[in-house]
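One structure follows; several queries about it will come next.
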Amino acid sequence: MSQVDSLDELKRQAALKAAEYVRDGMVVGLGTGSTAKHMVIALGEQVRKGLRIRGVPTSRETADLARRHGITLIESVDEWVIDVAIDGADQVDPQLNLIKGGGGALLKEKIVAASAKQFIVVVDHTKQVPVLGNTVPLPIEVVPFGWGSTARQIEEVSGGKATLRMRDDQIFHTEAGHYIVDVHIAAITNPRDLEAQLNQIPGIVETGLFVGRTHLLLVAAPEGVESQSATRS
């Protein structure tokens with residue numbers, strides 16, 4: 001088995017464990033990305049066995065996958081209270097702060113995470129880092145108007161280098177029609193302060209910093225799936 005296949009199997013194991021936290025009648029936030037895909041498929045199997053849930057997807061990709069696996073979805077215009085949201089992460093630090101948004105769905109992901117009574121994050125062990133940043137850029141969703149000026153202010157605040165996300169030689173657009181700038185920062189030593197400073201910059205829609213939002217972390221390693229609960233001050 002290749003390293004890629006091995007990591008994917010670890011993601012699947014963590015997603016299966018996360019699915020155990022879903023109970024009959026729940027409204028479930030459905031994340032986006034490779035780990036979340038395993039979780040949606042696992043929930044779909046439980047739905048076929050009689051589990052009754054409704055899902056709130058964080059992207060069109062997740063919505064399409066959920067429908068294919070028989071999960072009833074709540075329309076985005078509806079008001080909902082989410083019992084549990086399950087998603088992956090690009091990085092997680094020892095305080096369970098996250099960098100998310102590698103797939104470009106960070107805005108919906110944060111809305112869903114903030115609305116959930118419980119936010120469960122599932123990762124493989126390679127996503128754990130002592131400090132956020134360095135090898136993984138911080139995605140920030142910005143409005144197209146004046147994005148260059150916004151990026152310059154982001155660099156001044158973060159000390160990092162901001163680059164406009166491209167895909168197939170075209171500017172990447174989020175589902176909301178925004179741009180994403182990926183900010184390369186050597187080390188995010190104080191995620192809470194950086195998030196607060198970034199949120200003061202006009203033109204920023206949302207950042208990929210998820211600070212103090214994780215309730216439960218599930219980490220899949222070769223030895224098995226370990227759980228870590230957040231300590232609330």
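The values are calculated or read from the model by the stated rules, or taken from the named source; none is laboratory data. Please read these numbers as outputs of a predicted model, since none were measured by experiment. For neighbour counting, all protein chains shown are included, and Cβ atoms are generated from backbone atoms with ideal geometry for every residue, glycine included.
From the list Lys37, Lys17, Lys49, Lys11, exactly one residue is of a type in the set (D, E, K, R) and closer than 22 Å to Ile111 by Cβ. Which is it?
Working: Lys17 fails: closer than 22 Å to Ile111 by Cβ; Lys49 fails: closer than 22 Å to Ile111 by Cβ; Lys11 fails: closer than 22 Å to Ile111 by Cβ.
Going through Lys37, Lys17, Lys49, Lys11 in turn, the sole match is Lys37.
Here are some residues: Val225, Val211. Which one is within 20 Å of Thr135 (Cα to Cα) and either surrounded by 13 or more Cβ atoms within 10 Å (Cβ to Cβ) or in contact with a Phe, Trp or Tyr (Cβ under 6 Å, 6 or more places away or on another chain) (or both)?
Testing whether each residue is within 20 Å of Thr135 (Cα to Cα) and either surrounded by 13 or more Cβ atoms within 10 Å (Cβ to Cβ) or in contact with a Phe, Trp or Tyr (Cβ under 6 Å, 6 or more places away or on another chain) (or both) leaves just Val211.
Scan the stretch 143-155 and give yes if some residue there is within 19 Å of the chain's Cα centre (by Cα) and surrounded by 15 or more Cβ atoms within 10 Å (Cβ to Cβ), otherwise no.
No, every residue in the stretch 143-155 fails to be within 19 Å of the chain's Cα centre (by Cα) and surrounded by 15 or more Cβ atoms within 10 Å (Cβ to Cβ).
Scan the stretch 176-199 and give yes if some residue there is hydroxyl-bearing (Ser, Thr, Tyr), assigned to a loop (DSSP other than H, G, I, E, B) and within 18 Å of the chain's Cα centre (by Cα), otherwise no.
Within the stretch 176-199, not a single residue is hydroxyl-bearing (Ser, Thr, Tyr), assigned to a loop (DSSP other than H, G, I, E, B) and within 18 Å of the chain's Cα centre (by Cα).
Name the pairs whose Cβ atoms lie under 8 Å apart, with the first residue in the stretch 1-20 and surrounded by 10 or more Cβ atoms within 10 Å (Cβ to Cβ), the second at pLDDT 90 or above and of a type in the set (Ser, Thr, Tyr), and 6 or more positions between them or separate chains?
Leu7/Thr126; Asp8/Ser34; Lys11/Ser34; Lys11/Thr35; Ala14/Thr35; Ala15/Thr35; Lys17/Ser227
Only residues that are under 16 Å from Gly31 (Cα atoms) and surrounded by fewer than 24 Cβ atoms within 10 Å (Cβ to Cβ): list them for the stretch 50-65, please.
Within the stretch 50-65, Ile53, Arg54, Ser59, Arg60, Glu61, Ala63, Asp64, Leu65 qualify.
Looking only at the stretch 116-130, count every residue that is surrounded by 16 or more Cβ atoms within 10 Å (Cβ to Cβ) and either free of Cβ contacts under 8 Å to residues at least 60 places away in the same chain or not polar (S, T, N, Q) (or both) and tell me the total.
So the answer is 9.
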